[in-house]
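Q: A single structure is presented below for examination.
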Amino acid sequence: MKSKRGKLIKKAFKFYRINCGFFEPYKFIIDGNFPEVALKKKTELKAKFDKVFNGNCYIQITNCIIKELDLLGDDFKELYLAARQIFRINCHQ
């Protein structure tokens, strides 16, 4: 099942590369839930993104998400510290 899903993702992404002009390095903006799931599953995000999209990927998070995780309190302290290590970009409000 997983190999079939991986083939479908690669095929769909190839379509977007050809028709929409996507090119490396691919940049992804993630929200606060994404690093939370990665921490729970003990997954290395960068390696997974590179493998799935078959190229060099940059994972980014906005400063607004970092502030939001900080305001959630001590329950999300580990997530906050992990998210601070991801490359940050400015958010436009």
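Q: If I take every Cα pair under 8 Å that is 6 or more residues apart in the chain, average their sequence separation and divide by the length, what percent do I get for the relative contact order?
A: Computed over the chain, the figure is 29 percent.
Q: Between Lys77 and Val52, what FRET efficiency comes out of the Förster formula 1/(1 + (r/R0)^6) with R0 = 25 Å and r the beta carbon distance, rounded to 0.05?
A: That gives a FRET efficiency of 0.30.
Q: For the chain, what is the mean residue ellipticity at 222 nm derived from helices alone (per DSSP H run of n ≥ 4: -39500 (n - 2.57); sum divided by total residues; nearest 500 deg cm²/dmol)? All intermediate terms of the calculation are to be shown ahead of the outcome.
A: Values: 5 runs with 54 residues, N = 93.
Taken over the chain, the calculation gives -17500 deg cm²/dmol.
Q: Follow-up. Out of the total accessible area of the chain (probe 1.4 Å, heavy atoms of protein only), what percent is carbon and sulfur? If you can, show how the numbers build up before the last one.
A: On the way: 4150 of 7450 Å².
Carbon and sulfur: 56 percent of the exposed surface of the chain.
Q: Residues of the chain: accessible area per residue at 1.4 Å, in Å²?
A: 80
Q: Next question. If the cut-off is a Cα-Cα distance under 24 Å, which lysines reach Lys51, setting aside same-chain residues fewer than 8 apart in sequence?
A: Counting by Cα, and skipping residues close in sequence, Lys51 has these lysines nearby: Lys2, Lys4, Lys7, Lys10, Lys11, Lys14, Lys27, Lys40, Lys41, Lys42.
Q: For the chain, with equal point scatterers placed on the C-alpha atoms only and solvent neglected, what are the log10 I(q)/I(0) values from the Debye formula at q = 0.19 1/Å, to two decimals?
A: -0.96
Q: Just to confirm my numbers, what's the Cα centroid distance between the stretch 20-44 and the stretch 52-93 in Å?
A: The stretch 20-44 and the stretch 52-93 have Cα centres separated by 10 Å.
The values are calculated or read from the model by the stated rules, or taken from the named source; none is laboratory data. These figures come from a predicted structure and were not determined experimentally. FYI the Cβ positions are ideal-geometry reconstructions off the backbone, even for glycines, and counts take in every protein chain you see. For accessibility, only protein heavy atoms count, side chains too; no ligands or nucleic acids. Shrake-Rupley method; radii C 1.70, N 1.55, O 1.52, S 1.80 Å.
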